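Asker: Could you have a look at this structure, given as structure tokens, before my questions?
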Amino acid sequence: MTSRFRFASEISNDPLPFGTIAMLITPKVTETSQLTIVKAGLNPGDGHNFHKHPRQEEVIYILSGTVEQWVDRDSHVLAAGDSAFIPAGMVHASFNIGKGDATLLAIFGPCVGDGFESVEVAADAPWNTMRG
């Protein structure tokens, strides 16, 4: 059964190679059909390398830390309160360039599958040469 509410005690922070992920709002746990919201933690010096979401737009909102955010071939340093919009299918990446952990919210729309889909492209040209 789905709910319209999510409580912190119900949400797990699952490990990723570059940090953590917490699935906050997904079709499995709420009545959402258009939005998925994920909280990601990035370890210092790590990040989610170049990837894309073919059928979803994304907004990234920085909660804490310092993030080198790429959208296509453009990058900016973002801090708490800053955000980035990524159109569907556009390659992007997020790297923690600070000394402490970085935390961000990723908001996807519409929902795809269990919430979002990600296609990794970091090994492909030109993305494999984008960060010196």
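Asker: Quick one: if you stick a label point 7 Å off each Cα along the C-beta vector at Arg131 and Lys28, how many nm between them?
Answerer: Between Arg131 and Lys28, the simple spin-label model gives 2.8 nm.
Asker: Subtract the Cα-Cα distance of Ser75 and His51 from 0.36 nm times their separation in residues, and report this length gain in nm to one decimal.
Answerer: 7.2 nm
Asker: Sticking with this one: Leaving ligands, DNA and RNA out of it, report the carbon-plus-sulfur percent of the accessible area of the chain at a 1.4 Å probe.
Answerer: After summing per-atom areas, the C and S share lands at 55 percent.
Asker: Moving on to the next point. From the square roots a ≥ b ≥ c of the eigenvalues of the alpha-carbon gyration tensor of the stretch 6-51, which class results: rounded (a/c under 1.5), prolate (a/b over b/c), or oblate?
Answerer: oblate
Asker: Check Leu24: other-chain or 5+ apart residues with amide H under 5 Å from its amide H, H built from backbone geometry?
Answerer: Excluding prolines and chain starts, which carry no amide H, the hits are Ile37, Val38, Lys39.
Asker: Show the residues, 5+ positions off or on another chain, whose built amide H is closer than 5 Å to the amide H of Gln56.
Answerer: For Gln56, the qualifying residues are Gly89.
Asker: Here's a follow-up. Once you sort the root eigenvalues of the Cα gyration tensor of the stretch 68-132 as a ≥ b ≥ c, which label holds: rounded (a/c under 1.5), prolate (a/b larger than b/c) or oblate (the other case)?
Answerer: Oblate, since a/c reaches 1.5 and b/c is not below a/b.
The values are calculated or read from the model by the stated rules, or taken from the named source; none is laboratory data. If you're wondering where the values come from, they're calculated on a predicted model, not measured in any experiment. Note that we place each Cβ from the backbone using ideal geometry, even for glycine, and neighbour counts take in every protein chain shown. For accessibility, only protein heavy atoms count, side chains too; no ligands or nucleic acids. Shrake-Rupley method; radii C 1.70, N 1.55, O 1.52, S 1.80 Å.
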